[in-house]
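All remarks here apply to the structure that follows.
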Amino acid sequence: MKIYLIPGLGYTKRIFEKISFGDLSVSFLDWLDPNPNESLSHYTKRLLVDVPENEEDIIVIGHSFGGIIAQEIAKAKRIKKVILLSSIKSSREMPLSFKMVHHLKLYRLFTREFSIKTVQFWGDAHGFQSKEDKALFKEMVSQQSNLYLQWALQNLSGWKESSIPQ
């Protein structure tokens, strides 16, 4: 059995560093910069390029936006199980604030610099309560491109999945 881990928007694999999977085989799907106007399904297929075609005994664990990607992977590839961490199963569960981000196109304002400067205001509500937590977030988000961050927030806030994959 193989486990693939997908971090949330703005995060890196470090978000999973304190989780022990024992002897299980674990790999990380790292974020790629999107191509211009790339769809979520096409992007997901590019993420799968390092996953062997014949590998079927797969568990995909996605955190936040990584959970949405995990569900998109389940549409494109036979997956044994998808596990969501702090994510949604369908667009019906999307908070109104995220829907407004998409409707008002506020994702255009989402940059590394903006995220780093404002984490002190919204960080506590998202689990970044200590200085160490906030520093880790700042380090992780600084590794992402603004192109990726804006694309990811646009696709997260505009995700229209209404059914839960088997």
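The values are calculated or read from the model by the stated rules, or taken from the named source; none is laboratory data. Predicted model only: the values in this text are computed from it and were never measured. Here the Cβ is made from the backbone with ideal geometry for all residues, glycine too, and neighbour counts use every protein chain on show. These accessible areas exclude ligands, DNA and RNA; they are computed on the full protein's heavy atoms, side chains included. Shrake-Rupley method; radii C 1.70, N 1.55, O 1.52, S 1.80 Å.
Can you tell which of Gly127, Gly62, Gly22 shows the greatest fluctuation in a Gaussian network model of the chain with Cα springs below 10 Å?
Result for the chain, Cα springs under 10 Å: Gly22 fluctuates most.
Can you give the calculated 222 nm mean residue ellipticity of the chain, where each DSSP H run of n ≥ 4 adds -39,500 (n - 2.57) and the sum is split over every residue, rounded to the nearest 500 deg cm²/dmol? Intermediate values should be presented prior to the final figure.
Details: 6 runs with 62 residues, N = 166.
When only DSSP H runs of four or more count, the value is -11000 deg cm²/dmol.
Please go through the residue pairs Lys45/Lys99; Lys77/Lys138; Lys13/Lys45; Lys77/Lys105; Lys99/Lys134; Lys13/Lys160 and name each one whose alpha carbons sit more than 28 Å apart in this structure. Kindly include the intermediate steps, with their values, before the conclusion.
Values: Lys45/Lys99 25 Å; Lys77/Lys138 33 Å; Lys13/Lys45 19 Å; Lys77/Lys105 31 Å; Lys99/Lys134 26 Å; Lys13/Lys160 26 Å.
From the list (Lys45/Lys99; Lys77/Lys138; Lys13/Lys45; Lys77/Lys105; Lys99/Lys134; Lys13/Lys160), the Cα-Cα distance tops 28 Å for Lys77/Lys138; Lys77/Lys105.
Over the chain, what is the relative contact order in percent, taking alpha-carbon pairs closer than 8 angstrom and at least six residues apart?
On the way: 227 pairs, mean separation 43.5, N = 166.
Value for the chain: 26 percent.
Provide the packing ranking of 26-32, 132-138, 69-75, i.e. peptides ordered by the mean count of other C-beta atoms within 10 Å per residue, highest first. All intermediate terms of the calculation are to be shown ahead of the outcome.
On the way: 26-32: 17.0, 132-138: 15.3, 69-75: 22.6.
With the highest mean Cβ count within 10 Å placed first, the list reads 69-75, 26-32, 132-138.
How much of the pair distance distribution for segment 17-61 lies past 17 Å, counting alpha-carbon pairs only, in percent? Let's see the in-between values first.
Numbers: 447 of 990 pairs.
Summing the P(r) of segment 17-61 above 17 Å gives 45 percent of all pairs.
Given the Cα-Cα distance of His42 and His103 and 0.36 nm per residue of separation, how much length would full extension add, in nm?
On the way: separation 61, 0.36 × 61 = 21.96 nm, distance 2.27 nm.
19.7 nm is the gain from fully extending His42 to His103.
Report, largest value first, the span of the C-alpha coordinates of the chain along each principal axis, in whole Å.
44, 35, 28
Ignoring ligands, DNA and RNA, what accessible area per residue does segment 1-132 give at 1.4 Å, in Å²? Write down the numbers at each step before the final one.
On the way: 8000 Å² over 132 residues.
Accessible area per residue, segment 1-132: 61 Å².
Given 4 °C and 1.567 mPa s, how large is the Stokes-Einstein diffusion coefficient of segment 57-135 in µm²/s, with Rh as the Kirkwood radius over Cα pairs? List each step's numbers first, then the result.
Details: Rh = 14.6 Å.
The diffusion coefficient I find is 88 µm²/s.
Of all accessible surface on segment 36-122 at a 1.4 Å probe, what whole percent is carbon and sulfur? Display every interim value, and only then the final one.
Numbers: 2960 of 5300 Å².
Result for segment 36-122: 56 percent of the exposed heavy-atom area is carbon or sulfur.
Determine Rg/Rh for segment 25-97; Rg is computed over alpha-carbon atoms and Rh is the Kirkwood hydrodynamic estimate from the same atoms. Intermediate values should be presented prior to the final figure.
Numbers: Rg = 12.6 Å, Rh = 13.0 Å.
When Rh is taken as the Kirkwood radius, the ratio is 0.96.
Highest first, please rank the peptides 6-18, 96-108 by the mean number of other Cβ atoms sitting within 10 Å of their residues. Numbers along the way, then the final one.
Values: 6-18: 18.7, 96-108: 13.7.
Ranking the peptides 6-18, 96-108 by packing returns 6-18, 96-108.
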